[in-house]
Amino acid sequence: MAANSFFGRDVISVRDLDRRGLEDVFGAAERVMAMPAAERREVARGRTLGYLFYEPSTRTRLSFQAAMASLGGSSLGISDVASSSASKGESLADTVRTLSIYADALVLRHPLDGSSRFAAEVSGKPVINGGSGTEEHPTQAVQDLFTMRREKGRIDGLTVGIIGDLKYGRTVYSLLRALGNYDVKVHLASPESLRIRSDSVYDIRKRLDFTESEQMDDRVGELDVLYVTRIQKERFPDEEEYIRVKGSYVVGLDVLRRMKKGAIILHPLPRLDEISPELDGTEQARYFRQAEYGMHVRAALLALILREEGV
Amino acid sequence: MAANSFFGRDVISVRDLDRRGLEDVFGAAERVMAMPAAERREVARGRTLGYLFYEPSTRTRLSFQAAMASLGGSSLGISDVASSSASKGESLADTVRTLSIYADALVLRHPLDGSSRFAAEVSGKPVINGGSGTEEHPTQAVQDLFTMRREKGRIDGLTVGIIGDLKYGRTVYSLLRALGNYDVKVHLASPESLRIRSDSVYDIRKRLDFTESEQMDDRVGELDVLYVTRIQKERFPDEEEYIRVKGSYVVGLDVLRRMKKGAIILHPLPRLDEISPELDGTEQARYFRQAEYGMHVRAALLALILREEGV
Amino acid sequence: MAANSFFGRDVISVRDLDRRGLEDVFGAAERVMAMPAAERREVARGRTLGYLFYEPSTRTRLSFQAAMASLGGSSLGISDVASSSASKGESLADTVRTLSIYADALVLRHPLDGSSRFAAEVSGKPVINGGSGTEEHPTQAVQDLFTMRREKGRIDGLTVGIIGDLKYGRTVYSLLRALGNYDVKVHLASPESLRIRSDSVYDIRKRLDFTESEQMDDRVGELDVLYVTRIQKERFPDEEEYIRVKGSYVVGLDVLRRMKKGAIILHPLPRLDEISPELDGTEQARYFRQAEYGMHVRAALLALILREEGV
C-alpha cells in the first residue's frame with residue numbers, strides 16, 4: 001500500500017492540496033463510505049478531536065463531530081471561544097497548545113487569515129483549518145469537489161457556474177483554488193459590488209479559466225454544476241440596491257427549467273432565500289447530499305491524519 | 001418475538017401512543033433496566049442521537065444524552081438554537097434536514113405546536129418530540145406513567161391528583177391524554193386563572209374521568225398519586241393574586257400527613273417552592289426516582305426506534 | 001493488592017488528602033500514563049462523568065472530559081449553569097441530585113465555599129470539587145504536586161517560590177495546603193495588597209515553612225520551582241498601583257538566568273502577561289507539561305473513584 005502522505009499532517013490551505021492530494025482524500029472518502037459501520041467504528045476508536053471555534057459554525061462543528069463519532073472517536077472543545085469567558089485574555093497560541101494536549105487532532109475556525117497556519121506551528125498535534133479569514137475553508141472545497149465527482153462522475157470537463165456574493169464568502173475562494181487543479185470552465189455571476197476580489201484570484205487566473213458577469217442567465221444552459229451562495233442584505237451599501245439585484249441571484253423553477261439534462265445544483269449551506277424550497281425535491285438539488293458527503297470527506301481526512309496506514 | 005412497531009418510527013404526540021404502544025415501551029424499559037451494563041452498551045453502539053433545542057431544556061437534553069450513552073451511543077447537536085448565531089436565518093426544515101444527515105435519530109424541543117410533526121416530515125431520520133408548543137411532551141408522559149406503574153404496581157384503578165399551573169404546562173396535557181388510555185380517576189386543582197384550557201381537553205373528557213376545582217384539600221386523602229407542577233409568579237395578572245393563592249399549591253408535611261398509606265408524590269422537575277424540601281427524604285417523595293425512570297424510558301424508546309429487533 | 005481508599009469517595013478538599021492519599025493518586029497517575037491506549041480505554045468503559053460548572057472554566061472541564069475519554073468513558077453536563085436559563089431558579093441541591101441520576105460521578109465548579117461538600121451530601125454519586133469558593137481546587141493541587149514530583153524527582157526537600165496574586169486565587173491556597181504534607185520551603189511574593197489572607201493560612205503555618213515578601217528577587221537563585229500566578233488589573237484599587245507593581249511579577253529571561261540549574265517554572269494557566277512567551281521553549285518552562293499531567297492525574301482520580309480494584 002502506498003504511503004499515506006496525510007498522516008500527522010496539518011490541513012491548512014487549499015493551496016497545499018494538489019490534484020494528487022485531493023484524489024487521495026476522495027479515494028479515502030469512497031472507502032470510508034463503503035465500510036460496514038462496525039469496521040468504520042474501529043478506524044479512530046478512542047481517538048479524540050479537539051474543536052476550537054472562534055466564530056460559531058454549528059454546521060462545520062457538527063459535521064466534524066459526526067465524522068469523528070462514525071470512526072469510533074469522540075470530540076471535545078469550545079464551540080464559541082468569543083463568548084466563552086473562560087478563555088478571555090488567553091492568547092490563541094496558549095489555547096491551541098492546551099487543547100492539543102487533550103486531543104489527537106484539532107480543528108480550528110477563526111476570523112483571521114493565517115490563524116490556522118499559526119496554530120499549526122504552536123500545536124503539538126495536527127491542525128485542520130475549519131474556515132479562516134477571507135479565503136480559506138479547505139474541507140469545504142474538498143467536500144464540494146467530491147460532490148461533483150460523485151454526482152457527475154468526473155471533475156475534468158465540467159462547466160461550473162457560481163453565483164451570489166463572491167466577494168465575502170471564503171467558500172468561493174477555496175473552491176476556485178481547488179478547481180484550479182482540474183480542467184474545468186467556470187462562470188461567475190454576482191452583483192457588481194460583490195464581485196470576486198481580483199487580488200485574491202490573481203494567481204488562480206493562471207490555472208483556471210473563468211468568466212465574470214452580473215448575470216448567469218445566458219450561461220445557465222451550459223452548466224453542469226450551478227453552485228449557489230448566500231447573498232446577504234448586510235453586504236449592500238443600501239437596501240434599494242439589494243432589492244434591485246437580489247432576484248437575479250435566486251434560483252427557482254424557472255432557472256431549473258433552463259438547465260441542461262443531468263445538471264446539478266449545489267450550495268454550501270445554510271441557505272436563506274437564494275434557492276427556492278420548491279427545488280428541494282428535484283433531481284437537480286444535491287445540496288443536502290453535498291452536506292452528507294461533507295461528513296464522509298471529513299471522516300476520510302481524519303482517518304488519513306490519525307492513522308499511518310490510512311484507510 | 002413480536003414485531004417492534006416503533007422501529008424507524010417518529011414519536012411526535014401522545015395521541016399516537018395507545019395503551020398497547022405504551023405497554024410496549026414500559027416492557028422495553030423494564031428490560032433495559034434489568035440489563036447488565038455491558039449488554040446495555042451494545043444496544044446502540046456507534047449510533048448517534050442528534051438534539052435540536054429551540055428552547056433550552058437542560059434536563060430533557062441530559063436525560064436523552066445519558067440514555068444514549070447508556071446504550072453505547074453518542075449525542076451531538078445544538079443545545080440552544082435560539083442563541084446560536086450559526087443557524088440564524090436558516091429554516092427549521094433545513095436545520096432538521098442537516099442534523100438528520102449526521103445522526104440516526106433526532107430529538108427536537110421547539111416552542112411551536114406542530115413543529116415536531118413538520119420536522120418528521122422533512123427529516124430523513126426518526127424524530128422524537130422532546131417537548132413542543134403548549135400541549136406535547138410525549139416522553140415526559142411516558143415517564144410519568146411508567147413511574148406510576150413501577151411505584152404503584154399498576155395504572156388502572158389509580159386516583160391521581162394534579163395541582164398547580166394547569167394552563168401553561170405542556171406536561172399536564174400530555175399526561176392527561178396518556179392517562180386516558182387507562183381506567184383512572186383524576187382530580188385537578190389550580191387557581192381559577194390557571195385552569196386547564198377546556199378546548200385542549202375537549203376530546204380527553206370522553207375517555208377520562210376528571211374533576212376540576214381550586215383546592216385539592218378535600219381530595220388529598222383519596223389520592224394514590226399527587227402530581228405537583230410549578231406555579232410561576234409570572235403567570236399571574238398581579239402579584240397580590242399570586243401571593244393570595246400560592247400557599248394552596250405548595251405541598252408540605254401537612255399535606256403529606258393527610259395522604260393515604262402508600263400514596264406517592266410526583267413532579268416533572270425542576271421544582272421551585274411548590275414541594276417543600278422537608279418531603280425529599282420521605283417515602284412518598286418519588287420525583288427523583290421519576291427522573292431516573294425518565295432516563296430509562298428514553299433509553300427504551302431509543303432502543304425500539306433504532307433496532308428492528310427491539311430490546 | 002491494597003484496598004483502594006478512593007473508591008466511591010468524594011474529593012472535596014485538599015484537607016482530605018494526606019500524604020498517603022496524595023501518593024496513592026500519584027501512583028495511579030504513573031500507572032495510567034504507562035498504560036497502552038487500548039488498555040486505558042477499558043478502565044471506565046461506558047461510565048459517565050457529569051459536569052456542572054457554575055463558573056465557566058473551559059480548561060478544567062476539558063481536562064476532565066479528556067481524562068474520561070482516555071479511560072473509555074463519556075461526559076455530559078452543563079458548562080455554564082449561570083447562563084443556562086433551563087436551571088433558573090432550581091436549587092443547587094436539585095440540580096446536583098438530577099445530574100447524579102445521569103452520571104457515575106460528578107465534577108462541580110461553584111463560586112461558593114462549601115458548595116462541593118453540600119453537593120456531596122445530596123448527591124447519590126461521588127462528587128469531585130473542580131474548584132470552589134476562595135480556597136479549594138484540590139485536583140489542581142494534586143496536578144501541581146505531581147508535576148513537581150515528576151519533573152524534579154521528589155517533593156521533599158524542594159524550595160518553592162510562588163508569585164503573583166496570592167490573595168484571590170484559590171489555586172494557591174490549595175497548593176500550600178497540599179505542600180504542607182511534605183518537607184518543603186516556600187517563599188511567597190506578592191504586592192502588599194494581594195498578600196495571602198492570613199486567616200486562610202493560619203493552620204497551614206503549623207505544618208509549612210513559608211516566608212512572605214513583596215519581591216522574589218533575592219530568592220530566585222534558591223528556588224527549585226517557581227510557581228507563577230496571574231495578576232489581574234481588576235484586583236487593584238487603582239490603575240497606577242497596578243502599573244507600578246506589575247513588572248515585578250512578570251517572569252522573563254532575566255529571571256530565568258538567575259534561576260539555578262534544573263529549576264523549573266510552573267503556572268496553573270491560563271496565562272496573561274506574567275510569563276514572557278520567550279520562555280516557552282526553554283528547558284525551565286514546564287507549564288504545558290503541567291497541563292498534560294493534569295489530565296492524567298484527573299484520569300487517575302476518576303479511575304480510583306469508579307473502580308473498586310483501582311488502577
**Report entry** Pair list, Cβ < 9 Å and 6+ apart or interchain, from the stretch A:177-190 residues that are assigned by TED's automatic domain parsing to the domain that holds residue A:229 to residues that are assigned to a helix (DSSP H, G or I) and among the acidic types (Asp, Glu)
**Finding:** A:178/A:144; A:179/A:144; A:185/A:222; A:187/A:222; A:189/A:217
Query raised in the report: When residues of the stretch B:148-163 are filtered for being outside any helix (DSSP H, G or I) and of a type in the set (Lys, Arg), how many remain?
Result: 1
Report task. Please specify each residue of the stretch B:9-37 satisfying the condition of being surrounded by 14 or more Cβ atoms within 10 Å (Cβ to Cβ) and aliphatic (A, V, I, L, M). Result -> B:11, B:12, B:14, B:17, B:22, B:25, B:28, B:29, B:32, B:33, B:35
**Report entry** Where a residue in the stretch B:241-258 is of a type in the set (S, T, N, Q) and its partner, wherever it lies, is surrounded by 12 or more Cβ atoms within 10 Å (Cβ to Cβ), with Cβ under 7 Å and at least six apart
**Finding:** B:248/B:215
Query raised in the report: From the residues in the stretch A:63-85 that are farther than 30 Å from residue C:45 by Cα and out of contact with any strand residue (DSSP E or B) (no Cβ under 9 Å at 6 or more places or on another chain), which one is modelled with the highest pLDDT?
Result: A:83
Query raised in the report: Is it the case that residue A:27 is at pLDDT 95 or above, assigned to a loop (DSSP other than H, G, I, E, B) and either under 30 Å from residue A:200 (Cα atoms) or in the same structural domain as residue A:71 (by TED's automatic domain parsing) (or both)?
Result: no
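Taking the stated definitions as given, is residue A:198 loosely packed, with under 13 Cβ neighbours inside 10 Å, polar (S, T, N, Q) and closer than 19 Å to residue A:163 by Cβ? Spell out the reasoning first.
On the way: loosely packed, with under 13 Cβ neighbours inside 10 Å: yes; polar (S, T, N, Q): yes; closer than 19 Å to residue A:163 by Cβ: yes.
Yes; evaluated as a whole, the condition is true for this residue.
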Requested in this report: Of all residues in the stretch C:42-70, count the ones that are touching a Pro at 6+ places or on another chain (Cβ under 9 Å) and outside any helix (DSSP H, G or I).
Outcome: 2
Query raised in the report: Can you name the condition, by its number, that residue B:89 falls short on among (1) touching a residue at least 12 places away in the same chain (Cβ under 8 Å); (2) at positive phi?
Result: (1)
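Taking only the stretch A:254-293 into account, find how many residues are of a type in the set (A, V, I, L, M, F, W, C) and within 14 Å of the chain's Cα centre (by Cα).
Kept after step one, since they are of a type in the set (A, V, I, L, M, F, W, C), are these residues of the stretch A:254-293: A:255-256, A:259, A:263-266, A:269, A:272, A:275, A:279, A:285, A:288, A:291.
After this cut, where a residue has to be within 14 Å of the chain's Cα centre (by Cα) as well, the list is A:266, A:269, A:288, A:291.
Result for the stretch A:254-293: 4.
Would you mind finding the one in C:164, C:169 that is crowded, with 23+ Cβ neighbours inside 10 Å and on the phi > 0 side of the Ramachandran plot?
Values: C:169 fails: on the phi > 0 side of the Ramachandran plot.
Answer to the check: C:164.
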Query raised in the report: Which of the residues belonging to the stretch A:86-117 are under 24 Å from residue B:51 (Cβ atoms) and either modelled with pLDDT under 95 or not assigned by TED's automatic domain parsing to the domain that holds residue A:129 (or both)?
Result: A:86
Query raised in the report: small (Gly, Ala, Ser) and touching an Asp or Glu at 6+ places or on another chain (Cβ under 8 Å) - does that describe any residue in the stretch A:134-156?
Result: no
Report summary line: Residue pairs within 9 Å by beta carbon, gap of at least six or interchain, first lying in the stretch B:267-290 and more than 9 Å from chain C (Cβ to nearest Cβ) and over 23 Å from residue B:233 (Cα atoms), second among the acidic types (Asp, Glu) and buried (at least 19 other Cβ atoms within 10 Å of the Cβ), listed first then second, are B:290/B:144
Query - Residue in the stretch A:182-216 that is farthest from residue A:255 (Cα to Cα), counting only those that are β-branched (Val, Ile, Thr) and assigned to a loop (DSSP other than H, G, I, E, B) - result: A:204
Query raised in the report: Only one of (1) under 30 Å from residue A:46 (Cβ atoms); (2) out of contact with any Lys or Arg (no Cβ under 6 Å at 6 or more places or on another chain); (3) within 9 Å of another protein chain (Cβ to nearest Cβ) fails for residue B:31. Which number is that?
Result: (3)
Report summary line: Conditions (1) within 13 Å of chain B (Cβ to nearest Cβ); (2) farther than 30 Å from residue A:69 by Cβ -> residue A:239 fails only (1)
Query raised in the report: Out of the residues in the stretch A:39-62 that are modelled with pLDDT of 95 or more and facing another protein chain (nearest Cβ under 7 Å), which is surrounded by the most Cβ atoms within 10 Å (Cβ to Cβ)?
Result: A:62
Query raised in the report: Which of the residues belonging to the stretch B:102-123 are over 23 Å from residue A:280 (Cα atoms) and among the acidic types (Asp, Glu)?
Result: B:113
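The values are calculated or read from the model by the stated rules, or taken from the named source; none is laboratory data. Being a predicted model, the structure only gives us computed values, none of them experimental. Every residue, glycine as well, gets a Cβ built from its backbone with ideal geometry; the counts of neighbours run over all protein chains shown.
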